[in-house]
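Right, one structure below, let's go through it.
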């Protein structure tokens, strides 16, 4: 009997999100580690799902998603970015953004292809590339500003470079790529054989009057791009696992070939609900101020502590530096913070390859006001 499998991902362990959330539960700690809200969704959205179920929308949807939802997405892209798409050729509704990313990588990456990934990076990028026979090529974003060194990127692009993956607004650092950054990226992509996979799941969670510079805003770059978005992040419905991916027809044609065998289609009644909900721009235009308030509550709560920070520009994550408190490694300090002080976070070092300790932790502020203030009081009390 064969009892050992030759792993395709021998270096992959249980994700840090699972580890830290379990630790938070085991030690009754405030969980600011995993990125999910702890407050209710809009009751109107819940009612729309319930109505769709009662009205009989409980069977398979078309592979690309319900036409009504794809039409609502098309209107949203036109309203937000001035991008006009064909709902039959340019967009697919997905089982969350992670599935969209995985399927896009599967559609485009061949054995031996190189994929440029900026670290700290969402932890699905590298393993997905490896599963399809590609080679991740990492560029480090270093504290405290986490800016891209475009000269370094140019030096790593070669004839084997198949894909460049970006994430803006950026998880875990909370930073944004600027218009100047996107123009540099555009030059690199257009002068190479590479495509762009743009992870924009936090597109509506941007603060202080800043602008999300979507790849959709740069016409020549868009022609070489697949762009991923998330209803879960925007509307606080992470457990619904619904998102979408869009791009030019020739790339979406390849995407759909893989998608149809990966998941085929996604939750029908939730698509019905979202097709109505997304058609009202106010439902996503109110999101920046909603989350900026939560960021500010959290930062006010930690003011006066020995943690230092630059306010997040976007996402619902805030990076705190603990160098004035301890020189322990990030994983060790995060575990101590959870077990002893009862606040769980995520060490940024695990988002790097190889791990890079910079005494920084990521905290999720998509939480109730009381939760954030209680966590802030605890963090403020830590001196050593």
Of (1) in contact (Cβ under 8 Å) with a residue 60 or more places away in the chain; (2) over 30 Å from residue 126 (Cα atoms); (3) part of a loop (DSSP other than H, G, I, E, B), residue 45 fails just (3)
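Can you list the helices (runs of 4 or more DSSP H) found entirely within the range 260-359 that contain at least 3 residues being modelled with pLDDT of 95 or more and either touching a helix residue (DSSP H, G or I) at 6+ places or on another chain (Cβ under 6 Å) or surrounded by 16 or more Cβ atoms within 10 Å (Cβ to Cβ) (or both)? Don't jump to the end; show me each part of the working.
On the way: elements: 268-277, 282-285, 287-302, 330-339.
Per the criteria, 268-277, 287-302, 330-339.
Here's a check for you: in the range 16-33, which residue that is outside any helix (DSSP H, G or I) and either assigned by TED's automatic domain parsing to the domain that holds residue 120 or surrounded by 18 or more Cβ atoms within 10 Å (Cβ to Cβ) (or both) is farthest from the chain's Cα centre (by Cα)? Explain how you work it out, then say what you get.
Taking the range 16-33 first, the residues outside any helix (DSSP H, G or I) are 27-33.
Then keep just the ones that are either assigned by TED's automatic domain parsing to the domain that holds residue 120 or surrounded by 18 or more Cβ atoms within 10 Å (Cβ to Cβ) (or both); that gives 29-33.
Working: 29: 24, 30: 22, 31: 19, 32: 16, 33: 14 Å.
Across the range 16-33, the extreme among qualifying residues is 29.
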Just one listed residue, out of 149, 145, 86, is surrounded by fewer than 17 Cβ atoms within 10 Å (Cβ to Cβ), touching a residue at least 40 places away in the same chain (Cβ under 8 Å) and farther than 21 Å from residue 346 by Cβ, and it is 86
Apart from one, (1) in contact with a strand residue (DSSP E or B) (Cβ under 9 Å, 6 or more places away or on another chain); (2) free of Cβ contacts under 8 Å to residues at least 24 places away in the same chain; (3) within 23 Å of residue 123 (Cβ to Cβ) all hold for residue 308; the odd one out is (3)
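The values are calculated or read from the model by the stated rules, or taken from the named source; none is laboratory data. Fair warning: this is a prediction, and the values are worked out from it, not measured in the lab. Because the Cβ atoms are built from the backbone with ideal geometry, glycine has one as well, and the counts that use them run over all protein chains shown.
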